[in-house]
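*Asks:* Before I ask anything, here is the structure I am working with.
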Amino acid sequence: MRSTSIFALAASLALFSIGAQAAAPSNWPAGARDSFVKDCSDAASQNVDAKIAKAHCECGADKINAELSTAEIKELMTNQNASEELKNKAVAAISSCKVVKKK
């Protein structure tokens, strides 16, 4: 009986470690992704359904995470005078996230 429990624990840990390896590391500074998604969703929901806005913003956050470094994300989030090159890089990263406007 004890070996069954140990096996179950080992299997659970193995599955957890596989899932943890599959998840991409976050380049977002602590709390910055949630703040971005909230601010983005609040603005986007003025033009589209709130659920669509949130999905678009989460997509954008994921794309930014994949394309920008932690330092670049921090620069965008804290500096309104970030370089045009960096702003364009962020816009290019999120450009594949589509939104359908309200009718």
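*Asks:* Quick one: in segment 20-33, of everything that is modelled with pLDDT under 90 and in a loop (DSSP other than H, G, I, E, B), which residue is farthest from Asn65 (Cα to Cα)? Break it down stepwise before answering.
*Replies:* Taking segment 20-33 first, the residues modelled with pLDDT under 90 are 20-25.
Checking which are in a loop (DSSP other than H, G, I, E, B) leaves us with 23-25.
On the way: Ala23: 12, Ala24: 9, Pro25: 9 Å.
Checked segment 20-33; the qualifying residue farthest from Asn65 (Cα to Cα) is Ala23.
*Asks:* For Ala71, indicate whether it is exposed (fewer than 12 other Cβ atoms within 10 Å of the Cβ), in a helix (DSSP H, G or I) and either at pLDDT below 95 or of a type outside the set (D, E, K, R) (or both).
*Replies:* Taking the combined requirement at face value, the residue satisfies it.
*Asks:* Can you say whether Phe36 is among the hydrophobic types (A, V, I, L, M, F, W, C), part of a helix (DSSP H, G or I), surrounded by fewer than 17 Cβ atoms within 10 Å (Cβ to Cβ) and at pLDDT below 95, as far as the supplied structure shows?
*Replies:* Against the criterion (among the hydrophobic types (A, V, I, L, M, F, W, C), part of a helix (DSSP H, G or I), surrounded by fewer than 17 Cβ atoms within 10 Å (Cβ to Cβ) and at pLDDT below 95), Phe36 does not qualify.
*Asks:* Any chance you could count how many residues in segment 46-103 are over 11 Å from Trp28 (Cα atoms), of a type in the set (Ser, Thr, Tyr) and under 15 Å from the mean Cα position of the chain (by Cα)?
*Replies:* 2
The values are calculated or read from the model by the stated rules, or taken from the named source; none is laboratory data. Keep in mind the model is a prediction, meaning the values are calculated, not measured. Counting neighbours? That spans all protein chains shown, and the Cβs are built from the backbone with ideal geometry, glycine included.
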